[in-house]
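The block underneath contains the structure these notes are about, expressed in C-alpha cells.
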Amino acid sequence: MSDHLKNFFDPRPSTPPWSNFSTTNPHFTIAANHTWNDTSHSSSKENQILEKASAIFVIKHNLNSSLTALSASPDHNHIVVAGREVLKVLNVSEREITEEFNLKNRSFNKVSNDVKWGNISTKNKIATAATNGTIVIWDIGNGRTKIDRKIDEHSRAVNRICFNPTNGSMLLSASQDCTMKLWDLRESDPAKFTFEGKCENVRDVQFNSINQNEFAAAFENGAIQKWDIRKPSIHERKLNAHIGPVLAVDWHSDGRTIASGGRDKFIKIWDMNSDSRNPRDIIGSMTSIARVQWRPNHPNEIASCALLSDNRIFIWNIRRPFIASYYFAEHEDVPTGFLWHDSDVLWSCSKDKIFIQQHMSDSYRPLDLLSKCSIGWSVYDKIAFSIEKPNDSIAEDQQVSRSIPPSGNQFRIMQKRISPNIIEPRNELQQKTGIASLPTFDHKAFSYLAENYIISSRDIWSVCEHNAKIAWDVQRFRTAQTWKIIQLLYGILEPVDKNTTYNDKEGTNSLSKDSTSTNPDKSSGEIKESDSIKDLNTLTEKHDEALDDDVESVDDNEYDEEEEFGQVEDRIKDSGVQQRRTTIKMKSHTVQATYNSTLCQNWDKESIMSQLLDYYAEQGDVQMCVTLMLVLGDRIKISQERVEQWFFSYIELLHRFQLWCAATYIISSCRIPSVEMMNQQSTTIYTTCNNCFRPILNSRCRYWICDKCRKMLNPCSICHNTVKGLYTWCQGCSHGGHLAHMKEWFSVNDECPTGCGHNCSGRI
Amino acid sequence: MSVQPFDSLHEDLIHDVAYDFYGKRFVTCSSDQKLKVWEFSQDTNNWELVDSWKAHESSILKVAWAHPEFGQVIASCSFDRSIRIWEEQEHELKNSGKRWLEKARLIESKGSVQDIAFAPNFLGLRLASIAADGVLRIFEALEVSNLAHWTLMDEVHVHVSRSSNPPAFKEAEENYCLSWCPSRYQSPMIVIGCGKENNARIFRCDQNNKWRPCEVLDGHEDLVNDVDWAPNMGRSYHLIATASKDHRVRIYKLLSNKDGFKVELVADLNDHRTEVWKVKWNVTGTILSSAGDDGKVRLWKAGNKAENEEGFKCIGIVCNDRQSNDTMEI
C-alpha cells in the first residue's frame, strides 16, 4: 500500500488528501494551530483555530475567556456563550464561526453559572444566572442589546435555569438556596411558584419536552425529584439516585426517561413511569459527571462531560455501559457545557476559552483501540485465551474501502459512510474464553527427572547409567541416548573413573540390565531407538568385562590404539549428530573387537559437547544443560555466563513447579558463586531454643548451641539427632524434628512428642 | 491437546489474562472495570472464580502478576489513567470481594495507561508502564514490604525526535506496548512499541542509570500493538515478537555484538490477515502464540534446524467455532 493510500485509510491522516481545500476557502487552513485573523470583523481580536486534518468538521473559536455555559437560539443559527468576562452571541454555520455581539457590560460583572436562550415568545431573549443569585434577562431583538429585567429573588447562587420548551415565557431556576422558582416573564411579578426541595442545594432543573408541566431536578444530596408545576407544594416522585451530589439531569425525548449524572462517576438512566427504585441502566464513567445530554435521533446514546480532570466529551450507548462508543478530545481543559446541534454535530465550550463545533466523524472510537483478544501462558503450557468471533462485516468494509481511489471527494464520501449513524446492537458478547492445554511440555516428566537425576560428578559412569535409565522411564529416549553417549565419552576414559567404574561394576550392571528389562511400553515407533539402547547396553557390559579382565594393561596399550583410530576420529569431527551416533555404535563394535576402551580419548569432545548443549539450549531444555554441567563439572569449558543463565533458568523452572528440594539441591551443588548465594539471600527464620525458649540469634555459637542454656539446639524430638535436611517445628512450643518423623507422629497424635503438653497438631 | 471453555462472567471484553508464577491461578481484566482471579480446583477439575472486584473506573487494559518473592501482588492499568497495585489478604474469604486490597494508585500518567510489566525479579520490585502520553515510566517499591510506596524512578519520552518538544498528543492515535528483557547478564532493557512511529525500539539503561534509545525493530507498516521479549533460557541470542495492526506477526532475532545487538527479522507471518493484537511466548521461549481480529490463536514454533527447516511454522490454531464451542486444529 502506498503512503498516500495508507493515509487515506487512516481515519485521522497526517497529510489530508483534500489539502487543496484550503485554496478554495481562505478561512480554512491546514497547518496545525494556524491562526486566522478575521479581516471582515476587524473589531474582533479573537482567533479562529482550525485543527489539522479535520478542517471540514472541527471549527474552534477562541473567546479569550474561560467559558462556563452555552445555549443556542431556537433556529440554531446563533449561540450564546457565557464566561467569566464574556457573554457573546456567535453566528455559527457549517463552515465558520463569527462573533455577532458582546452583551457583557459594566453593570454586570458576576460570573454566569448558566445561560439559556429563550424560545417562541422569548426567542429574542437570553437569560443568565449568576453566582450571586441574580438572574438577568437580556433583550437582543431588533439589534438592541439591553437588559430587560433583573431578578434578585434567590439568596444564593443560581446553578441552572431552564425555559419551558413549549411556553417560552416560563423560566425555571435551580439555586444553591435550596429552592426552585418559576417565573412567568410576561408578568413583572415575583416568582409564580417556589418549589421547596427540602433544604437541599439544587444543581440542575429541566422541563420535560413532552409534558410541559413536568420538570426534573437534581440535588446535592444525591436525590433527583420529579415535579408537576400544578402541584407546587410537593414533588411527585423522589429517587435516591447517586452517592454525593447529582450534577445533571436530562429528559429523554420519549418524555418518560431521565438520565442523571453525579459526582460518583455514574450516569444512571431512570424510567419515571416505572415503580422501581433502581435505575434502568447504569453507565460507569471514569470521572465525575458534570453534564449529560441525550443524542438526538439515537435513543440509546448519551453524551457526558466531566467536572474535573478530563477534557473529553464521551458519547455512551446504554447497551454498552462500560466502553464509551465515541469521544471527542478537542478541548485542552475541562468542557463546561455542550449542546447537540443535530445528531452529528456537537457544540461545546470549555475552561480553555474555546468554543468548538465538531462532527461525529471527528470523534474517536475507543472500541477500535481496545484489543478484543488476550492470551496468557502458564508454566504448564496451558493457554488461557479470550477471542472474539470475527466480524464478517468488517472484512467487507475493508474490501469496499480498498476499491475507493484516494481522492478528496471520495474521502468525504467514505467519511460519511463510516460516520456511525447506526450503532450495531451489541447486547451479547461475542468473546469466548477457554483454556487450551498443549502437549508441548510434559511437566510430569520434568518433575520426575528433576527429582531423580543424580547430579554429583564423582562417578560419571554410573551417574550416566542412572540418568539414562531415569530418562528412559519417562520415555525421553533421545535424552537417554545422550546420557549413554556421555557415558562413553567421559565415563570410561579417565584413569580415576576407570577405577571407580571397576569398583561399582556390580551396581552399574544391575542398573543397565534393569533399564533394558523394564522397557516401558515399547511402541513400534521407538523400536529402533530402544534397540540401539539395548545395543549400547550390551556393549557397555562388554566394556566392563574387558575392563574387568584387563584393567592394568589398558594404560600400556593406550598410545598405539590412539594412532590406530586417528582416522575414525577425523570422521567424527565432521559428522552431524545422527551420523555421530552411528559412528559411536560402529566404533563400539570396534571396541568390542579390540577389547580396548581408550579409543574415544581423543575425540573432539568439546565441540561435540558444545553442539550438544546448544541443541538442548535451543529446545529450551535447561534441565538437560544444567544436569550435564553438574555431572561433568569442569570437564566442559563453556562461558560461565551461559552456564549461569542455564542455572538461573532451571532453578526458576523448578520453583515454578514448586520443586523446592530439587531446586535447593541444584543451588547447593552449583559451584558458581552467584548461584550458590541464592540459598543465603533473603532467608530469615525466627525461632527459639526448644529448651529455654530464648530467641535464637546469630551469636558466638552460630546457631548450633543456645546461648543461654548451652544445649544443642533443636534436635529431632523423636530420634534426638541433629536434623540435617528438612526440619519442621511447632511455632507454639518450638519442638520439632525430621519431617518424616513428625508426619508419622502427628498422623496418630495431637500432642507434642516431647511430652511438653502442647497441642501442636494444628500448627505443624 | 484439549480446549476447556470457561465462562468468564465478565460483562464486557476481556483485554488481558495473566497466570501467576506457578501456573496455579490466573487473573483476567476486562472493560467491565473488574479483575477476576481464577484458581484450578482439583475437586471439580475446573477453573473456579475465587474473587472478583471492581478495580478501575474504566476499561482495564493490562494486568500483571509480580514475582512471588514479593508476595501475592497484582498490578493493573486502565484507560482511567491509573495503575493500581493489589495485594492478597489471605485472611479474607474467597469471593468476598475483599481478598485483594488496593495498596497503591499510581496516577502520574497523562493518558490512558496502555501497558505495564514487572521487571525480572533480580532487578527488584520494579514496574514499567507506558501511557498514551508516550512516556515510559518506571516505578519501584524501594521497600519491598511497603507496597503503598512506589517511587517514580524514571520518565522517558519514547519518541526520540519529539522528546525535546512533547507533542500535543492525540491519545487515540497512539498505541504503546512494552516488554522487559529477561536476561540478567545485560544492562536492563525494555522493548517498546512506539505508537505512531510504527516501529518497536529497545531502550537500554546505561551505566549512569539513564534510559537510552537503542536498536530499532523496523519493517512495520502500522502501529505495533504488542511486543514480547522471549525468555532467554541461556540461548546465545534473543528473540522478540511483535504484533502489528498491519496484520503481521514478526519475530526478530537479536545477536549480541560489541555495541549492542545485530537485529535480524527471522519471521514475518501474515496468517491472521487481520489486525493482530497479542503475541506471547511460552515460559521456555520455544513457542509463540498470537491472537488477532480473525478470532484465532495461532501457535508458532521454530523449525528444526537438523531437518533443514528455516523460520517459524504454525503448529496449531485455537479457534472459536460457530457450532461447537472451541476447537483446536493441528
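Values computed for the structure shown
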{"quantity": "Any hit, region A:462-478, residues being part of a loop (DSSP other than H, G, I, E, B), within 14 Å of chain B (Cβ to nearest Cβ) and at pLDDT 65 or above", "calculated": "no"}
{"quantity": "Failed criterion for B:VAL318 (all others in (1) buried (at least 19 other Cβ atoms within 10 Å of the Cβ); (2) in a strand (DSSP E or B); (3) modelled with pLDDT of 90 or more; (4) not charged (D, E, K, R) hold)", "calculated": "(3)"}
{"quantity": "Residues satisfying the stated conditions in region A:343-383, i.e. touching a residue at least 60 places away in the same chain (Cβ under 8 Å), part of a loop (DSSP other than H, G, I, E, B), on the phi < 0 side of the Ramachandran plot and not acidic (Asp, Glu)", "calculated": "A:SER343, A:LYS351, A:VAL379, A:TYR380"}
{"quantity": "Condition broken by B:ASP16, with the remaining ones in (1) open to solvent by 10 Å² or more (accessible area, probe 1.4 Å); (2) charged (D, E, K, R); (3) not in a loop (DSSP other than H, G, I, E, B) satisfied", "calculated": "(1)"}
{"quantity": "Sole exception among (1) surrounded by fewer than 24 Cβ atoms within 10 Å (Cβ to Cβ); (2) more than 12 Å from chain A (Cβ to nearest Cβ) for B:PHE70, by number", "calculated": "(2)"}
{"quantity": "Qualifying residue in region B:38-58 (condition: assigned to a strand (DSSP E or B) and closer than 20 Å to A:LEU369 by Cα)", "calculated": "no"}
{"quantity": "Region A:144-159: number of residues that are open to solvent by 30 Å² or more (accessible area, probe 1.4 Å) and out of contact with any Leu (no Cβ under 6 Å at 6 or more places or on another chain)", "calculated": "10"}
{"quantity": "A:ALA259 being in the same structural domain as A:TRP347 (by TED's automatic domain parsing) and either in contact with a Pro (Cβ under 7 Å, 6 or more places away or on another chain) or within 23 Å of A:ASP114 (Cβ to Cβ) (or both)", "calculated": "no"}
{"quantity": "Which listed residue is at pLDDT below 95, open to solvent by less than 40 Å² (accessible area, probe 1.4 Å) and β-branched (Val, Ile, Thr), from B:VAL224, B:VAL216", "calculated": "B:VAL224"}
{"quantity": "Where B:VAL279 falls short, out of the listed (1) in a strand (DSSP E or B); (2) open to solvent by 10 Å² or more (accessible area, probe 1.4 Å); (3) among the aliphatic types (A, V, I, L, M)", "calculated": "(2)"}
{"quantity": "Selection count, region A:263-273, where residues are more than 14 Å from chain B (Cβ to nearest Cβ), over 21 Å from A:GLN212 (Cβ atoms) and not charged (D, E, K, R)", "calculated": "1"}
{"quantity": "Selection status of B:TYR185, farther than 24 Å from B:ASN270 by Cα and among the hydroxyl-bearing types (Ser, Thr, Tyr)", "calculated": "yes"}
{"quantity": "Test: residue in region A:328-345 that is at pLDDT 90 or above, within 12 Å of chain B (Cβ to nearest Cβ) and open to solvent by less than 30 Å² (accessible area, probe 1.4 Å)", "calculated": "yes"}
{"quantity": "Residue list for region A:279-303, restricted to those being open to solvent by less than 40 Å² (accessible area, probe 1.4 Å) and outside any strand (DSSP E or B)", "calculated": "A:PRO279, A:SER285, A:MET286, A:THR287, A:SER288, A:ARG295, A:HIS298"}
{"quantity": "Some residue of region A:296-309 being touching a residue at least 40 places away in the same chain (Cβ under 8 Å) and within 14 Å of chain B (Cβ to nearest Cβ)", "calculated": "yes"}
{"quantity": "Residue in region A:45-67 that is at pLDDT 85 or above and acidic (Asp, Glu) present", "calculated": "no"}
{"quantity": "Matching residues, region B:71-112, being of a type in the set (Ser, Thr, Tyr) and part of a strand (DSSP E or B)", "calculated": "B:SER76, B:SER78"}
{"quantity": "Counted residues, region A:135-185 - those being aliphatic (A, V, I, L, M) and closer than 27 Å to A:GLY255 by Cβ", "calculated": "10"}
{"quantity": "Subset of region A:118-137 that is more than 15 Å from A:ARG149 (Cβ to Cβ) and under 52 Å from the mean Cα position of the chain (by Cα) - its residue that is least open to solvent (accessible area, probe 1.4 Å)", "calculated": "A:ASN119"}
{"quantity": "Residue check, A:ASP362 open to solvent by less than 80 Å² (accessible area, probe 1.4 Å), in contact with a helix residue (DSSP H, G or I) (Cβ under 7 Å, 6 or more places away or on another chain), more than 7 Å from chain B (Cβ to nearest Cβ) and at pLDDT 80 or above", "calculated": "no"}
{"quantity": "Where B:ARG126 falls short, out of the listed (1) open to solvent by less than 40 Å² (accessible area, probe 1.4 Å); (2) among the charged types (D, E, K, R); (3) modelled with pLDDT of 90 or more", "calculated": "(1)"}
{"quantity": "Check on A:ASN391, at pLDDT below 90, within 32 Å of the chain's Cα centre (by Cα) and open to solvent by 60 Å² or more (accessible area, probe 1.4 Å)", "calculated": "yes"}
{"quantity": "Tally, over region B:241-263, of residues that are open to solvent by 60 Å² or more (accessible area, probe 1.4 Å) and within 20 Å of B:GLU197 (Cβ to Cβ)", "calculated": "2"}
{"quantity": "Only listed residue being away from every other protein chain (no Cβ under 14 Å), open to solvent by less than 40 Å² (accessible area, probe 1.4 Å) and of a type in the set (S, T, N, Q), chosen from A:SER325, A:SER253, A:SER276, A:SER260", "calculated": "A:SER260"}
{"quantity": "Looking only at region B:73-100, and only at residues there that are charged (D, E, K, R) and facing chain A (nearest Cβ under 10 Å), the one that is most open to solvent (accessible area, probe 1.4 Å)", "calculated": "B:ARG81"}
{"quantity": "Residue match in region B:183-190 (condition: more than 17 Å from the chain's Cα centre (by Cα), over 26 Å from B:ILE138 (Cα atoms) and among the polar types (S, T, N, Q))", "calculated": "no"}
{"quantity": "Residues of region A:605-620 that turn out to be within 11 Å of another protein chain (Cβ to nearest Cβ) and open to solvent by 30 Å² or more (accessible area, probe 1.4 Å), as a count", "calculated": "6"}
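The values are calculated or read from the model by the stated rules, or taken from the named source; none is laboratory data. Bear in mind the structure is a predicted one, so any value in this text is a computation, not a measurement. Every residue, glycine as well, gets a Cβ built from its backbone with ideal geometry; the counts of neighbours run over all protein chains shown. The area values use the complete protein model at the heavy-atom level, side chains included, leaving out ligands, DNA and RNA. Shrake-Rupley method; radii C 1.70, N 1.55, O 1.52, S 1.80 Å.
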